[in-house]
Amino acid sequence: MEPGKINTDLSDALKLRTRRHAVNVIKHLKTIKYSEEIGVIKHQLIKAVTSVAANYRAACRGKSKADFIAKLGIVHEEADEVVFWLEIMEDLDYSGEEMSGLKNESEQILRIIAKSVSTSRTNYYNSKKQLN
């Protein structure tokens, strides 16, 4: 693979993984009884988890390396927000095996995205230095 090119097999796998994770979170949230407080958290969590999937897709269609990195930064922020809301739910005693699995998957996705941001920035800045 050429330096600076996106590995489409890996990006396609992560697109699918983030989309499936969003669906799994939404399905799990449907099983939780409504209250005003949990309704707010569910809304925020659904917005964040679907944003991870949607913005990762958008990042993969970036118009340039800089655009890709900027969009990937948004994905990173949203992935961190997903973990935050799941932690809040745990703190409110909405825990269990399924919640633990969702949080674990969220943390794994966050680590993957964080590493991708770091690697992409390093590669981008190194390529800029080579041009000078």
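Each reported figure results from applying straightforward, stated rules to the coordinates on display, with no laboratory input. Please read these numbers as outputs of a predicted model, since none were measured by experiment. Cβ placement follows ideal geometry from the backbone for every residue including glycine, while neighbour counts extend to all protein chains displayed.
Could you quote the convex hull projected area for the range 1-77, Cα atoms only and averaged over all directions, in nm²?
5.5
Between residue 122 and residue 70, what is the FRET efficiency for a Förster distance of 22 Å, r being their Cβ-Cβ separation, to the nearest 0.05?
After rounding, the FRET efficiency stands at 0.90.
Where is the GNM fluctuation largest for the chain (alpha-carbon springs, 10 angstrom cutoff): 18, 119, 31?
31
Taking loop as defined by DSSP and a crowding limit of 10 other beta carbons within 10 Å, which chymotrypsin sites (Phe, Trp or Tyr not before Pro) in the range 31-130 fit?
34
Write out the trypsin sites (Lys or Arg not before Pro) in the range 1-72 meeting two conditions: DSSP loop, and at most 15 other Cβ atoms within 10 Å of their Cβ.
Hits after loop and neighbour filter: 5, 33, 61, 63.
Compute the FRET efficiency between residue 108 and residue 43 as 1/(1 + (r/R0)^6), taking r as their Cβ-Cβ distance and R0 = 25 Å, and round to the nearest 0.05.
Efficiency, rounded to the nearest 0.05: 0.55.
Cut-off 10 angstrom, C-alpha nodes, Gaussian network model of the chain. Which of 75, 40, 117 fluctuates the most?
Between 75, 40, 117, it is 40 that shows the largest mean-square fluctuation.
What distance in nm separates the simple spin-label points at residue 32 and residue 93, each placed 7 Å from Cα in the Cβ direction?
Calculated label separation equals 1.5 nm.
Ordered by residue, what ³J(HN,Hα) values in Hz, to whole numbers, does the range 103-110 give under the Karplus form 6.51 cos²θ - 1.76 cosθ + 1.60, where θ = phi - 60° and Gly and Pro are x?
Whole-Hz 3J(HN,Hα) from phi for the range 103-110: 5, 4, 5, 4, 5, 5, 4, 4.
Run the simple label-point estimate for residue 16 and residue 77 please: 7 Å along Cα→C-beta, distance reported in nm.
3.0
Over 15 Å apart: what share of the alpha carbon pairs of the range 53-100 falls there, rounded to a whole percent?
On the way: 604 of 1128 pairs.
Tail of the P(r) past 15 Å holds 54 percent of the pairs.
For the cross-link pairs 47/71; 42/63; 33/115; 63/128; 15/129, which exceed 26 Å when the distance is taken from alpha carbon to alpha carbon?
Violating the 26 Å limit, Cα to Cα: 42/63; 33/115; 15/129.
What percentages, rounded to whole numbers, describe P(r) for the chain computed over all alpha carbon pairs with 5 Å bin width beginning at zero?
2, 10, 20, 22, 15, 11, 8, 6, 3, 2, 1, 0
Averaging sequence separations of C-alpha pairs under 8 Å and six or more residues apart, then dividing by the length of the range 8-118, give the relative contact order as a whole percent.
Computed over the range 8-118, the figure is 28 percent.
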